[in-house]
Amino acid sequence: MAAPIAAIGAGRMGRGIAHVFAYAGHPVRLLDAKARSAEAFEALKADALGEIRASLAMLAELGLFEAEAIARIMARIEVLPRAEAEGAVGDAAVLFEGVPETLEAKAEAFALIDPFVAPDAIVTSTTSTILVDDLAPLTRHAKRFLNAHWLNPAYLVPLVELSPSAATEEAATAALEALLTDVGKVPVRLKASPGYIVPRVQMLAMNEAARMVEEGVATPEDIDKALIYGLGFRFAVLGHLEFIDWGGNDILYYASRYMEKATGEPRFAAPDIVNRMMEEGRNGLKDGAGFFDYRDRDIAAYRKARLGAMLAQLRLTGLAKPPR
């Protein structure tokens, strides 16, 4: 039998995590972290289960799986009130805290579950804002505690960003990586850093898009169209750093210098690593090294594989046309 999973907090994130693990065959306990009347809890429970069922139904309608499996998946999920914290977390292999983004709320959640956590269980926070080093002191299980940042919708987006603290045992991080991979997620590791990886990059991109609307550069419709069919199209296949290597770090170097001068905005300046790689002649594919090492790689086969993936993206858009 698959290991039991506990999600602390029955909001959007907890529901998404329950969906993921129940779908993958795990029994899941979704614990309401708030004190409520029995009537209010029953309303929350119905809402949580209804939302998860609706998400599953939508995915079945879109062809991911047969709708007959929904009842089997839903049977694995229990929604429990705060008073039943011991039953919710006592035998859980992994616990995902997902309460509101304040230290006070996190501290209260950990105080609720800490007495009942199994000695070998992994404890995580799904926070998108608070550094792991600020949360680790709130739990007595710091050696097996780390941040696990999911992206919404959690049941659909593959990425989970893992941020261990200095106290986190390697075995705990490795075990969580293995579990997430097994349920179809793609975990990545990073040190404690504000904004993680994806939110930090996307925040800059979203602000720049909004700024272009403000400056009258283009309509919101055309900006989004450009980002979907240009930026998003390529970055669905190539990572940002891989894309720098693909086109050439020197292109980014010169483009950054031009943009900084043309706009007078220091935000367009290249970071030191781009300047240093330019000086060292590590400009990507054409030099055999950039952010990645290409010296032992079959470049022709690599390019063909990436272009094939882009062609698959083009087909998904409906824009792949036969020759006339």
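Only one of the numbered conditions (1) loosely packed, with under 12 Cβ neighbours inside 10 Å; (2) in contact with a strand residue (DSSP E or B) (Cβ under 9 Å, 6 or more places away or on another chain); (3) of a type in the set (A, V, I, L, M, F, W, C) is not met by A38, and that is (2). Has segment 310-320 got any residue that is without any contact (Cβ under 8 Å) to a residue 12 or more places away in the chain and either in contact with a Phe, Trp or Tyr (Cβ under 7 Å, 6 or more places away or on another chain) or acidic (D, E) (or both)? Within segment 310-320, not a single residue is without any contact (Cβ under 8 Å) to a residue 12 or more places away in the chain and either in contact with a Phe, Trp or Tyr (Cβ under 7 Å, 6 or more places away or on another chain) or acidic (D, E) (or both).
Residues in segment 64-82 that are among the small types (G, A, S) and closer than 15 Å to R12 by Cα: 0 in all.
Taken together, the residues in segment 278-309 that are touching a residue at least 24 places away in the same chain (Cβ under 8 Å), in a helix (DSSP H, G or I) and not aliphatic (A, V, I, L, M) amount to 2.
A residue that is assigned to a helix (DSSP H, G or I), under 27 Å from P158 (Cβ atoms), at pLDDT 95 or above and not assigned by TED's automatic domain parsing to the domain that holds T126 can be found somewhere in segment 211-224. So, of the residues in segment 38-74 that are among the basic types (K, R) and in contact (Cβ under 8 Å) with a residue 12 or more places away in the chain, which turns out to be farthest from A85 (Cα to Cα)? Once the filter is applied, the top-ranked residue is R53.
Looking at segment 249-267, is at least one residue on the phi < 0 side of the Ramachandran plot, crowded, with 17+ Cβ neighbours inside 10 Å and of a type in the set (S, T, N, Q)? Among the residues of segment 249-267, at least one is on the phi < 0 side of the Ramachandran plot, crowded, with 17+ Cβ neighbours inside 10 Å and of a type in the set (S, T, N, Q), which makes the answer yes. Per the conditions (1) surrounded by fewer than 22 Cβ atoms within 10 Å (Cβ to Cβ); (2) touching a Lys or Arg at 6+ places or on another chain (Cβ under 7 Å); (3) under 23 Å from R36 (Cα atoms); (4) not small (G, A, S), the sole criterion not satisfied by M74 is (3).
Residue-wise test of (1) surrounded by 13 or more Cβ atoms within 10 Å (Cβ to Cβ); (2) more than 26 Å from R12 (Cβ to Cβ); (3) charged (D, E, K, R).
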{"position": "H149", "(1), (2), (3)": "yes, no, no"}
{"position": "N152", "(1), (2), (3)": "no, no, no"}
{"position": "T173", "(1), (2), (3)": "yes, no, no"}
{"position": "K191", "(1), (2), (3)": "no, yes, yes"}
{"position": "A209", "(1), (2), (3)": "yes, no, no"}
{"position": "V217", "(1), (2), (3)": "no, yes, no"}
{"position": "D222", "(1), (2), (3)": "no, yes, yes"}
{"position": "Y229", "(1), (2), (3)": "yes, yes, no"}
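Screening V123 on (1) free of Cβ contacts under 8 Å to residues at least 40 places away in the same chain; (2) part of a helix (DSSP H, G or I); (3) of a type in the set (V, I, T) shows it passes everything except condition (2). Among the residues making up segment 250-267, a single one is more than 17 Å from L231 (Cα to Cα) and under 28 Å from the mean Cα position of the chain (by Cα): R267.
Of the residues making up segment 189-230, those that are within 24 Å of F145 (Cβ to Cβ) and either small (G, A, S) or touching a Phe, Trp or Tyr at 6+ places or on another chain (Cβ under 9 Å) (or both) are L190, A192, S193, G195.
Taken as a whole, the condition of being more than 19 Å from the chain's Cα centre (by Cα), more than 30 Å from A54 (Cβ to Cβ) and among the aliphatic types (A, V, I, L, M) does not apply to A192.
Within segment 256-277, can one find any residue that is outside any helix (DSSP H, G or I), closer than 28 Å to A305 by Cα, without any contact (Cβ under 8 Å) to a residue 60 or more places away in the chain and of a type outside the set (S, T, N, Q)? Within segment 256-277 (the criterion being outside any helix (DSSP H, G or I), closer than 28 Å to A305 by Cα, without any contact (Cβ under 8 Å) to a residue 60 or more places away in the chain and of a type outside the set (S, T, N, Q)), the answer is no, since none of the residues qualifies. Among residues that are more than 18 Å from G9 (Cα to Cα) and modelled with pLDDT of 95 or more, E61 is included.
The values are calculated or read from the model by the stated rules, or taken from the named source; none is laboratory data. All values derive from a computational prediction rather than experimental measurement. Counting neighbours? That spans all protein chains shown, and the Cβs are built from the backbone with ideal geometry, glycine included.
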